[in-house]
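**Q** One structure coming up, written as structure tokens, with questions to follow.
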């Protein structure tokens with residue numbers, strides 16, 4: 001197992017052990033893709049003499065359920081993965097995320113946008129009827145609305161009326177402050193990118209960093225949590241490779257450290273689709289009920305037995 005973080009240096013000065021994490025969302029049960037990521041994190045932590053933490057990313061109150069969280073603990077225990085005892089639950093730290101949003105807003109980097117998802121879809125369709133509209137690395141259209149152009153009194157009036165809104169990052173202003181960014185990649189990106197990778201946060205447009213009903217987003221909470229938990233290596237799926245650009249931007253704006261990133265290949269089904277809760281991928285609970293063993297799970301995801 002390749003370990004990129006060393007426990008010391010040439011001068012003989014000891015370094016703290018690397019810190020890894022597995023961070024599932026309790027909005028469904030775990031599948032083989034989750035097993036691969038969790039086991040890989042555990043294997044790397046063991047090989048590097050590092051620590052392994054568990055984080056429950058449960059900011060989506062409409063989809064996350066206690067029974068799914070309980071199932072996560074059960075499945076990970078069955079796989080034989082041992083985490084340090086204190087589990088971080090994002091829903092316990094909403095005030096921290098709200099404070100970060102306020103810090104960004106105080107620098108003029110955040111604005112409310114009031115269009116619904118349906119309205120945004122209609123705006124994009126109208127623009128694409130004339131010419132192609134830019135899309136982010138995931139293929140979603142960039143925000144086409146007028147939230148940034150609204151006068152302060154218009155924004156205040158809409159907020160006072162109770163209108164729902166998303167808080168978006170003014171990407172142009174944020175990039176102007178942050179300058180050129182990069183990250184250290186010891187895995188591989190979709191096109192084989194590795195080593196020092198140039199970040200392209202502007203490719204995402206004015207991303208959502210919070211909503212009226214939820215004071216954070218995945219992008220914001222993940223960088224804050226990684227910093228507060230002292231995560232030194234982020235090991236996750238290649239589908240999040242280019243999201244790292246946004247994470248590096250937020251880390252820079254908020255004065256947070258940057259971990260080393262290791263993006264791993266995704267497991268796919270027979271049709272070539274990545275395994276997903278939403279597409280009914282084979283779950284660990286179903287495999288366990290069918291008599292599959294943890295050792296067989298390791299073989300199924302392409303990992304050798306632990307040393």
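**Q** Quick one: how many residues across segment 112-133 are within 30 Å of residue 238 (Cα to Cα) and in contact with a strand residue (DSSP E or B) (Cβ under 7 Å, 6 or more places away or on another chain)?
**A** Number satisfying all stated conditions: 3.
**Q** Which of the residues that make up segment 164-204 are crowded, with 19+ Cβ neighbours inside 10 Å and at positive phi?
**A** none
**Q** If you go through segment 223-276 one residue at a time, how many are part of a loop (DSSP other than H, G, I, E, B), modelled with pLDDT under 95 and in contact with a helix residue (DSSP H, G or I) (Cβ under 9 Å, 6 or more places away or on another chain)?
**A** To start, the set of residues in segment 223-276 that are part of a loop (DSSP other than H, G, I, E, B) comprises 229-232, 241-242, 255-259, 265-267, 269-273, 275-276.
Narrowing the set further to residues that are modelled with pLDDT under 95 leaves 265-267, 269-273, 275-276.
With in contact with a helix residue (DSSP H, G or I) (Cβ under 9 Å, 6 or more places away or on another chain) added as a condition, the list becomes 265-267, 275-276.
Qualifying residue count, segment 223-276: 5.
**Q** Being surrounded by fewer than 22 Cβ atoms within 10 Å (Cβ to Cβ), over 20 Å from residue 262 (Cα atoms) and over 16 Å from the mean Cα position of the chain (by Cα) is the filter here, so list the residues in segment 25-51 that pass it.
**A** 28, 29
**Q** Another question about this same structure. Could you grab me the full set of residues in segment 277-307 that are more than 19 Å from residue 73 (Cβ to Cβ), crowded, with 16+ Cβ neighbours inside 10 Å and at pLDDT below 90?
**A** 281
**Q** So residue 248 fits all but one of (1) more than 30 Å from residue 146 (Cβ to Cβ); (2) crowded, with 21+ Cβ neighbours inside 10 Å; (3) in contact (Cβ under 8 Å) with a residue 40 or more places away in the chain; what number is the exception?
**A** Of (1) more than 30 Å from residue 146 (Cβ to Cβ); (2) crowded, with 21+ Cβ neighbours inside 10 Å; (3) in contact (Cβ under 8 Å) with a residue 40 or more places away in the chain, only one is false for residue 248: (1).
**Q** Quick one: in segment 108-127, of everything that is surrounded by 13 or more Cβ atoms within 10 Å (Cβ to Cβ) and touching a helix residue (DSSP H, G or I) at 6+ places or on another chain (Cβ under 9 Å), which residue is farthest from residue 145 (Cα to Cα)?
**A** 109
**Q** Here's something else I'd like to know. With the requirement that a residue be under 17 Å from residue 136 (Cβ atoms) and outside any loop (DSSP other than H, G, I, E, B), what does segment 173-196 give you?
**A** Result: 174, 175.
**Q** Something else about it: For segment 49-63, what are the residues that are touching a residue at least 60 places away in the same chain (Cβ under 8 Å) and more than 17 Å from residue 86 (Cβ to Cβ)?
**A** Result: 59, 60, 61.
**Q** Does residue 82 satisfy the condition of being over 21 Å from the mean Cα position of the chain (by Cα) and over 28 Å from residue 288 (Cβ atoms)?
**A** no
**Q** If a residue has to be surrounded by fewer than 11 Cβ atoms within 10 Å (Cβ to Cβ) and either not assigned by TED's automatic domain parsing to the domain that holds residue 190 or not in a helix (DSSP H, G or I) (or both) to count, how many in segment 139-161 make the cut? So that I can check it myself, show each step before the final result.
**A** Narrowing segment 139-161 to residues surrounded by fewer than 11 Cβ atoms within 10 Å (Cβ to Cβ): 139, 149, 151-153, 160-161.
The next check asks that each one be either not assigned by TED's automatic domain parsing to the domain that holds residue 190 or not in a helix (DSSP H, G or I) (or both); those that pass are 139, 151, 161.
The number of residues fulfilling the criteria is 3.
**Q** Is one or more of the residues making up segment 52-72 within 17 Å of the chain's Cα centre (by Cα), outside any loop (DSSP other than H, G, I, E, B) and modelled with pLDDT under 95?
**A** Within segment 52-72 (the criterion being within 17 Å of the chain's Cα centre (by Cα), outside any loop (DSSP other than H, G, I, E, B) and modelled with pLDDT under 95), the answer is no, since none of the residues qualifies.
**Q** Does segment 25-37 hold any residues that are within 16 Å of residue 187 (Cβ to Cβ) and at pLDDT 95 or above, and which are they?
**A** Hits for segment 25-37 are 36, 37.
Rundown of residues vs (1) farther than 30 Å from residue 265 by Cβ; (2) without any contact (Cβ under 8 Å) to a residue 24 or more places away in the chain, yes/no style:
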position	(1), (2)
130	yes, yes
140	no, yes
148	yes, no
163	yes, no
183	no, no
201	no, no
209	no, no
215	yes, no
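**Q** Just to be sure before I move on: is residue 235 closer than 28 Å to residue 110 by Cβ, surrounded by 14 or more Cβ atoms within 10 Å (Cβ to Cβ) and touching a residue at least 40 places away in the same chain (Cβ under 8 Å) in the structure I sent?
**A** Values: closer than 28 Å to residue 110 by Cβ: no; surrounded by 14 or more Cβ atoms within 10 Å (Cβ to Cβ): yes; touching a residue at least 40 places away in the same chain (Cβ under 8 Å): yes.
When the stated conditions are applied, residue 235 does not pass them.
**Q** Shifting gears a bit: Answer with yes or no whether residue 211 is in contact with a helix residue (DSSP H, G or I) (Cβ under 7 Å, 6 or more places away or on another chain) and surrounded by fewer than 19 Cβ atoms within 10 Å (Cβ to Cβ).
**A** It is false that residue 211 is in contact with a helix residue (DSSP H, G or I) (Cβ under 7 Å, 6 or more places away or on another chain) and surrounded by fewer than 19 Cβ atoms within 10 Å (Cβ to Cβ).
**Q** Does residue 98 qualify as being touching a residue at least 24 places away in the same chain (Cβ under 8 Å) and either in the same structural domain as residue 224 (by TED's automatic domain parsing) or more than 24 Å from residue 244 (Cβ to Cβ) (or both)?
**A** yes
**Q** So residue 175 fits all but one of (1) within 29 Å of residue 266 (Cα to Cα); (2) at pLDDT 95 or above; what number is the exception?
**A** Unmet condition: (1).
The values are calculated or read from the model by the stated rules, or taken from the named source; none is laboratory data. Everything numeric here is computed off the predicted structure, so don't read it as measured data. Neighbour counts run over all protein chains shown; Cβ positions are idealised from the backbone, glycine included.
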